[in-house]
Amino acid sequence: MLKDVGLGATSDAVRLLRAWDQALGEPFSRHCRPEGLRDGVVLARVRDSAWMQRLQLEKPRILERLAESLEAPPRDIRLRLGP
């Protein structure tokens, strides 16, 4: 129904936010937050370059866990540095 009224992307983003912390797990979720979802790619901000490197290595595991909990899982995660 949400997609019928033009809110499909919004509901997908809300579901992503709910699944994010669980998919990342501790301590990763404290250092990386999703900012949006565009064309199946999660745009996320990482606190610093050390955490970015660790998250890059964990991307396959994170995507797999998101696929387990989301109806329309993202196909990739794009990480950017920032507060």
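Name the residue farthest towards the positive end of the dipole of segment 34-83 from the options 56, 37, 82, assuming +1 on Cβ of Lys and Arg, -1 on Cβ of Asp and Glu, about the Cα centre.
82
Taking 0.36 nm per intervening residue step and subtracting the Cα-Cα distance, what contour gain separates residue 76 from residue 45 on full extension?
Numbers: separation 31, 0.36 × 31 = 11.16 nm, distance 1.40 nm.
So the chain would gain 9.8 nm between residue 76 and residue 45.
Arrange 51, 20 by Cβ neighbour counts within 10 Å, fewest through most, would you?
Working: 51 17, 20 21.
Ordered by Cβ neighbours within 10 Å, fewest first: 51, 20.
Report, to the nearest 10°, how far helix 49-69 tilts away from the longest principal axis of the Cα atoms in the chain, using its own Cα long axis and a range of 0 to 90°.
In the chain, helix 49-69 runs at an angle near 30 degrees to the longest axis.
Please check the chain for the longest run free of trypsin sites (Lys or Arg not before Pro) that are loop-located per DSSP (anything but H, G, I, E, B) and have at most 16 other Cβ atoms within 10 Å. Spell out each step's value before the answer.
Numbers: sites that count: 3, 47, 75.
Longest site-free region, per DSSP loop and neighbour criteria: 4-46.
Starting from the Cα of residue 53, step 7 Å along the direction of its Cβ; do the same at residue 13; then give the gap between the two resulting points in nm.
3.3 nm
So how do 31-37, 67-73 stack up, highest first, on mean other-Cβ count within 10 Å? Mind dumping the intermediate values first?
Numbers: 31-37: 16.7, 67-73: 13.3.
In descending order of packing, they fall as 31-37, 67-73.
Any read-out appearing in this document is the output of simple, stated calculations on the displayed coordinates, not a laboratory observation. Just so it is clear, the structure is predicted and the values come from calculations on it, not from any experiment. Neighbour counts run over all protein chains shown; Cβ positions are idealised from the backbone, glycine included.
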